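**Student:** I have a structure I would like to understand better, so I am pasting it below and will then ask my questions one at a time.
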């Protein structure tokens, strides 16, 4: 049975920052691991998938400079116990990162308004309907529907990720671009979606600038000491003699 815990596309769309990259990577591989294992899979398969999860997460943790996560397959006398300890350590690190990053806005994401989300869902529905009515073969339709499902999932995120969204939209345009029957409708819908996202991002940045505290005033230069008043010089005896009228 062939399987992969993370696709090449998901690798390419991981965040650049180490902390965010690790959290997103772990979320993807854990989600896929959970989907692969069920009551119908064999014990050997379950063990292989869990081992792959542990090896992959430990390697990415090391690459992203995340401490306290180690995987040593040679010391797993009791695999279930080792997997449980490993999972707890991973979730502890994920929780710490999420707390540390709370409230920090990613520069390449945007918080969409409810109105924008509704409009984007409308355009997605239009693309789906157009694809359904087209002459595309079933496999190509299925690939487009999967892309649109990914876009709907991204819409449900607290903050929409630019890289993922633009990658999905670009794939939709590339797939429909050569098809006269749906190219115009699909590209028009994609253009409207991108405009809606861009408008919300501009609005968010403008609001952030308005709410930012004013820059601190520079300290006043130190006051210079006033020169002491000069005392008049006392006249000499000779000068006084000159002023005496005799």
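The values are calculated or read from the model by the stated rules, or taken from the named source; none is laboratory data. Here the structure is a predicted model, which means the values were calculated and not measured. In this analysis, Cβ positions are derived from the backbone assuming ideal geometry, glycine residues included, and neighbour counts consider all displayed protein chains.
**Student:** Considering 86, 45, which residue is loosely packed, with under 15 Cβ neighbours inside 10 Å and either farther than 30 Å from residue 206 by Cβ or at pLDDT 85 or above (or both)?
**Tutor:** Result of the check over 86, 45: 45.
**Student:** Checking the condition at pLDDT 60 or above and outside any helix (DSSP H, G or I), which residue from 221, 215, 227, 232 passes?
**Tutor:** 221
**Student:** Of everything in segment 117-160, what is touching a strand residue (DSSP E or B) at 6+ places or on another chain (Cβ under 7 Å) and either modelled with pLDDT of 85 or more or more than 19 Å from residue 196 (Cβ to Cβ) (or both)? Give them in sequence order.
**Tutor:** Correct list: 154, 160.
**Student:** Next question. Right, residue 6: free of Cβ contacts under 8 Å to residues at least 24 places away in the same chain and either under 21 Å from residue 153 (Cβ atoms) or in the same structural domain as residue 154 (by TED's automatic domain parsing) (or both) or not?
**Tutor:** Against the criterion (free of Cβ contacts under 8 Å to residues at least 24 places away in the same chain and either under 21 Å from residue 153 (Cβ atoms) or in the same structural domain as residue 154 (by TED's automatic domain parsing) (or both)), residue 6 does not qualify.
Here's the yes/no breakdown for (1) closer than 22 Å to residue 200 by Cα; (2) in the same structural domain as residue 20 (by TED's automatic domain parsing); (3) touching a residue at least 24 places away in the same chain (Cβ under 8 Å); (4) surrounded by 12 or more Cβ atoms within 10 Å (Cβ to Cβ):
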{"residue": "121", "(1), (2), (3), (4)": "yes, no, yes, yes"}
{"residue": "125", "(1), (2), (3), (4)": "yes, no, no, yes"}
{"residue": "131", "(1), (2), (3), (4)": "no, no, yes, yes"}
{"residue": "134", "(1), (2), (3), (4)": "no, no, yes, yes"}
{"residue": "138", "(1), (2), (3), (4)": "no, no, no, no"}
{"residue": "143", "(1), (2), (3), (4)": "no, no, yes, yes"}
{"residue": "153", "(1), (2), (3), (4)": "yes, no, no, no"}
{"residue": "161", "(1), (2), (3), (4)": "yes, no, yes, yes"}
{"residue": "164", "(1), (2), (3), (4)": "yes, no, yes, yes"}
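**Student:** Take the residues in segment 39-50 that are free of Cβ contacts under 8 Å to residues at least 24 places away in the same chain and in contact with a helix residue (DSSP H, G or I) (Cβ under 9 Å, 6 or more places away or on another chain); name whichever of them is nearest to residue 163 (Cα to Cα).
**Tutor:** My answer is 46.
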